[in-house]
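Written out below as structure tokens is the structure these notes cover.
The values are calculated or read from the model by the stated rules, or taken from the named source; none is laboratory data. Computed from a predicted model, the values in this text were never measured in an experiment. Quick reminder, even Gly has a Cβ in these numbers, built from the backbone with ideal geometry, and neighbours come from all protein chains shown.
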Amino acid sequence: MARRTMSLLPQWTSRVFSVELDGALHYFAIQEKHRGGEVPGVFRKVRNRDRCYSLLVCSGDRIRRAKFYGELRDKLQRHLSPGCDLSPMSSFLPNVKDSLIKGYFLKDSSESSSPTERLLRELTQHDPVLVCSYLRGEDGQLWTQHLWPPAESQLVEMSKDYYVVPSEAPEYHPSVLNIINSDVFYSLDDAYEVIKKCGDIIPEAKSVLELLPSRAEARSKPDHPVIVIEGLDATGKTTLTESLRDTLGAVLLRSPPQCLSPWRARFDQEPPLIRRAFYALGNYITAEQIGQQGMKTPVIVDRFWHSTAAYAIATAVSGPLSNLPTEGSEVYRWPSDLLQPSLVVLLTLDPEERKRRLRNRGLDETKEEQELDHNQLFRLRVEEAYRRISGPACITVDASPPADQVLQQVLLLIRGKCHL
Ligand SMILES: Nc1ncnc2c1ncn2[C@@H]1O[C@H](COP(=O)(O)OP(=O)(O)OP(=O)(O)O)[C@@H](O)[C@H]1O
Ligand SMILES: Nc1ccn([C@@H]2O[C@H](COP(=O)(O)O)[C@@H](O)[C@H]2O)c(=O)n1
């Protein structure tokens with residue numbers, strides 16, 4: 001297994017490697033001849049007796065790779081000795097879409113190399129993982145990368161030793177290369193394909209697919225306005241959508257729709273590829289319901305595609321806002337086969353007030369809600385991604401005034417935009 005894995009890592013020497021350490025990305029590349037240059041940031045603080053490895057998950061179909069990436073972290077965290085540090089790592093071809101391969105960088109500062117080597121040996125024998133080790137040259141300045149354990153002769157290119165050199169930050173954050181169809185889905189077919197392929201490993205996938213509208217049924221535009229309310233948790237979506245329903249005599253729907261509730265917790269445990277495809281399908285089921293109800297009354301929707309895409313993009317990309325795909329990127333485009341609402345309102349709230357509302361509400365927080373609470377950058381990325389999505393773009397409304405004032409503000413917008 002391990003030997004086949006190695007032959008599947010394309011354009012080995014053109015790849016850039018990135019390691020996330022203390023919230024920052026460090027880049028390095030490999031080259032056959034040493035032409036001078038500095039030690040890459042990630043190796044600067046490595047002490048003489050530390051041992052470093054990269055583990056890249058690079059074979060099998062994408063469902064298997066996505067599942068194994070999470071399992072590998074759990075396995076390493078369970079079995080590595082104290083003194084081992086694990087950091088997210090990836091390898092990619094700069095500016096080449098879909099070239100990202102994910103893995104981990106391992107620094108072993110424990111007393112003995114044996115436990116880690118035993119674990120790595122077992123991984124290379126049974127799992128789709130490619131392991132390299134890094135060695136410091138005698139002068140303490142040069143680092144070289146070696147296939148670990150030493151490769152078989154037919155893989156000549158990868159089994160050579162390479163010098164490790166710093167590399168400049170690429171134009172795009174590495175995760176941006178793989179967002180389309182791995183984190184965000186732009187058609188029913190693409191999301192469907194992922195959930196269908198999961199059928200063998202997640203029996204619930206079949207029940208989800210049975211709820212999908214028939215693709216043959218192309219619906220015409222609803223006669224009545226469709227208003228989507230978006231925003232982070234506790235910004236007041238439930239409060240506002242219920243008031244809008246009552247004031248406008250509208251129907252209130254949500255995404256994911258009620259019929260997916262039995263499976264939501266199950267898919268929330270899955271890696272992003274599967275979890276995001278599940279939420280994407282939820283939007284198409286809600287769209288079908290909107291299509292039916294929108295022929296009779298106005299429809300209010302609590303979260304829709306903006307939420308699916310914004311959270312997915314903000315999770316895939318780490319760090320500051322500048323790491324997000326730039327405004328106007330195709331990543332922010334609306335799926336061409338998904339019903340377009342008449343108006344999308346984004347509720348925004350000062351972080352302290354949002355926290356206060358969360359505390360007062362007193363419900364348990366989900367993992368993502370905790371992340372929003374603790375990680376200010378994540379929160380900023382989600383809000384910025386919301387704002388960058390186009391076709392339709394959202395209109396921001398300050399949700400800090402009392403609930404009845406927020407309602408009046410949104411009613412004004414609806415009357416202006418939807419002639420209600
Ligand atoms: N304008 C407002 N002013 C003060 N408190 C509000 C306002 N709107 C909502 N709240 C309160 O804030 C809390 C969160 O509101 P709500 O449940 O409507 O948010 P939400 O966006 O639907 O949250 P979630 O996405 O987590 O379900 C509730 O306790 C609610 O009563
Ligand atoms: N259309 C949607 C709706 C939700 N999500 C994901 O669920 C989380 C928020 O859901 P709440 O029930 O807490 O409002 C959010 O973190 C999204 O990841 C989605 O993807 N698409």
Practice task
Among the residues of segment 330-367, count how many are within 22 Å of the chain's Cα centre (by Cα) and near ligand 1 (Cβ under 10 Å from one of its atoms).
Solution key: 2
Handout entry: Members of segment 172-204 found to be of a type in the set (A, V, I, L, M) and not in a helix (DSSP H, G or I), listed by number
Key = Ile179, Ile180, Val184, Ile201, Ile202
Exercise for the section: Could you tell me which of the residues Leu411, Leu407 is away from ligand 1 (no atom under 11 Å from the Cβ), assigned by the TED database to the domain that holds Leu232, in contact with a Ser or Thr (Cβ under 8 Å, 6 or more places away or on another chain) and at pLDDT 95 or above? Expected result: Leu411
Handout entry: Qualifying positions in segment 233-251 - in contact with an Asp or Glu (Cβ under 7 Å, 6 or more places away or on another chain) and within 7 Å of ligand 1 (Cβ to nearest atom)
Key = Asp233, Lys237, Thr238
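Please state which one of Gln145, Gln154 is surrounded by fewer than 17 Cβ atoms within 10 Å (Cβ to Cβ) and at pLDDT below 95.
On the way: Gln145 fails: surrounded by fewer than 17 Cβ atoms within 10 Å (Cβ to Cβ).
None of the others qualify; the one that does is Gln154.
Filter segment 252-282 down to the residues that are of a type outside the set (A, V, I, L, M), within 16 Å of ligand 1 (Cβ to nearest atom) and free of Cβ contacts under 8 Å to residues at least 60 places away in the same chain and list them by number. Quick ask: steps written out before the conclusion?
As a first pass, look at segment 252-282 and keep what is of a type outside the set (A, V, I, L, M): 254-259, 261-264, 266-272, 275-276, 278-279, 282.
Keeping just the survivors that are within 16 Å of ligand 1 (Cβ to nearest atom) gives 254-258, 261, 264, 268, 279, 282.
The answer is Arg254, Ser255, Pro256, Pro257, Gln258, Ser261, Arg264, Tyr279, Gly282.
Test Glu330 against the criterion of being surrounded by fewer than 12 Cβ atoms within 10 Å (Cβ to Cβ), closer than 23 Å to Phe185 by Cβ and not hydroxyl-bearing (Ser, Thr, Tyr), and give yes or no.
Yes: the conditions hold for Glu330.
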Exercise for the section: Could you tell me whether segment 372-391 includes any residue that is more than 15 Å from ligand 2 (Cβ to nearest atom) and part of a loop (DSSP other than H, G, I, E, B)? Expected result: yes
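Consider Leu407 carefully, then state whether it is under 27 Å from the mean Cα position of the chain (by Cα), part of a helix (DSSP H, G or I) and not polar (S, T, N, Q). So that I can check it myself, show each step before the final result.
On the way: under 27 Å from the mean Cα position of the chain (by Cα): no; part of a helix (DSSP H, G or I): yes; not polar (S, T, N, Q): yes.
Criteria not met by Leu407.
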